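As structure tokens, the structure follows; a few thoughts come after it.
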Amino acid sequence: MAQILAIDFGKKRTGIAVTDDLQIIASGLTTVNTEELIPFLKEYISKENVELFLIGEPKQMDNTESESEELIRPFIEKLKKAIPSIPFKRVDERFTSKMAFQTMIDGGLTKKQRRNKALVDEISATIILQSYLYK
């Protein structure tokens, strides 16, 4: 088996989470500036065995696309061209930011630590990955 890598795509920053090789545990990996995302992914997969990308799919409450989807579609096209050997799946990411923030509160992080948007993005990617693994 190989890792699954989850992507919480954002306009400025993108949160990334990965599984272990047995795909049992989801862990936050990092947050990357979005403009550096494709080079980061290429570098990561050159060192690690990744079999699937999960990409968050932002939806409205009525199940329609979020505005953010317009930013994600071009990224997916670039990803397919840059790394055609690894397939991707989309995962509903509704409420992940709120869940990430609550996780930070439950984990005892201070207000200052909870303002770290990069950490929120990384935790959101982990939640996306967990939702896929534990379906």
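Can you give the helix-only mean residue ellipticity at 222 nm for the chain, where every DSSP H stretch with n ≥ 4 adds -39500 (n - 2.57) and the sum goes over all residues, rounded to the nearest 500 deg cm²/dmol? That comes out to -13000 deg cm²/dmol.
Taking amide H positions as modeled 1.01 Å from N, with prolines and chain starts lacking one, the residues under 5 Å from residue 93 and 5 or more places away or on another chain are 57, 59. Scoring 113-122, 11-20 by mean Cβ neighbours within 10 Å over their residues and listing the highest first yields 11-20, 113-122. Per-peptide packing, taken as the mean over residues of other Cβ atoms within 10 Å, places 27-36, 72-81 in the sequence 27-36, 72-81 from highest down. Cβ crowding within 10 Å, taken as a proxy for footprinting-reagent exposure, orders 67, 43 from fewest neighbours to most as 67, 43.
Just so you know, all these numbers are worked out from the coordinates, no wet-lab data involved. Predicted model, so just to flag it, every value in this text is computed and none were measured. Neighbour counts are summed over all protein chains in view; Cβ atoms, including those assigned to glycine, are modelled from backbone coordinates with ideal geometry.
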